[in-house]
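Quick notes on the structure that follows.
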Amino acid sequence: MDANNFRRSMLDRLASETHVTKLHAWFRLTSFPFEAVLPLVPKEGAIYDVGCGFGLFSYLLAKDSSKRRVIAYDPSLEKTRVARVLLAGLDNVTVFRPTDHFPRSRLRPKVVVILDVLYLLSPRKKRFLVRSIFSRLQRSGTVIIAIVPKEPSWRYVLSFLQELLVVKCLQWTTSRMNIINFETEEFLRRILSDCGFVAIQRHRLTAPFPFFHRHTLFVAKKL
């Protein structure tokens, strides 16, 4: 599924939602290159999408391969409700009820994906989450984390201001700790290493035109 068809399909499935929800979904779809992450995820096995939001990437994962067993989780009750609407009819997806904890399932994940979520957590919570992921992953499992890195650049400043608008003003995204806490690439690399992950790779993702975001994607293995 190419990017344009993916966007149209998602917005069509959300046609009955509010204009605010559809606008938020459109913004997410057009500002993050989900298709660039998809090839890094195996075609089969249990995949956790942590902080799935409206379930956009969960849909792409499930639709791309019926052999994937996708577990979608988000702490927002409203986003979880929308995700259930969007993912309805896909037999290989389960949407977890919102909790304060990493979702528990009998399925030990082969891959855990976290896309643009960590900035809503404190440093201590980030460590706790990465450590929890390590303990739940299968042997030889993979974690994939996308961040907007904290760095001295105009791109970062604009990204911070954007999230200030989205989190604090519009409240499209909920931070239970009421913080915006972007991390540096070195900080995340150190957490991954400290928690036991190895073979840590870094990839740069550029947002589609006309968006300015510069994402960094970390891929790390559990031996």
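Can you find a residue in region 141-155 that is among the small types (Gly, Ala, Ser) and under 20 Å from Val37 (Cβ atoms)?
yes
Criterion first (within 30 Å of Leu158 (Cα to Cα), of a type outside the set (Lys, Arg) and modelled with pLDDT under 90) does Asp100 satisfy it?
So Asp100 fits the description; yes.
If I go through region 10-47 residue by residue, how many of them are polar (S, T, N, Q) and over 19 Å from the mean Cα position of the chain (by Cα)?
2
Give me the residue from region 183-210 that is in a loop (DSSP other than H, G, I, E, B) and surrounded by fewer than 17 Cβ atoms within 10 Å (Cβ to Cβ) and, out of that set, modelled with the highest pLDDT.
Per the stated criteria, the residue is Gly196.
Determine whether Ser140 is assigned to a loop (DSSP other than H, G, I, E, B) and at pLDDT 90 or above.
yes
Kindly check whether there is at least one residue in region 113-127 that is modelled with pLDDT under 85 and surrounded by 14 or more Cβ atoms within 10 Å (Cβ to Cβ).
Among the residues of region 113-127, not one is modelled with pLDDT under 85 and surrounded by 14 or more Cβ atoms within 10 Å (Cβ to Cβ), which makes the answer no.
What pairs can you find where one residue is in region 182-207 and in contact (Cβ under 8 Å) with a residue 24 or more places away in the chain, the other is polar (S, T, N, Q), and their Cβ atoms are less than 6 Å apart, with a gap of 6+ or different chains?
Glu185/Thr216; Ala207/Ser31
Report the residue count in region 143-165 for those that are touching a helix residue (DSSP H, G or I) at 6+ places or on another chain (Cβ under 8 Å) and part of a helix (DSSP H, G or I).
Selection size over region 143-165: 1.
Which members of region 143-182 meet the condition of being over 18 Å from Leu115 (Cβ atoms) and modelled with pLDDT of 80 or more?
Correct list: Glu151, Pro152, Ser153.
The values are calculated or read from the model by the stated rules, or taken from the named source; none is laboratory data. Everything quoted here is computed from the prediction, not taken from an experiment. Backbone-built Cβ (ideal geometry, glycine too); neighbour counts: all protein chains shown.
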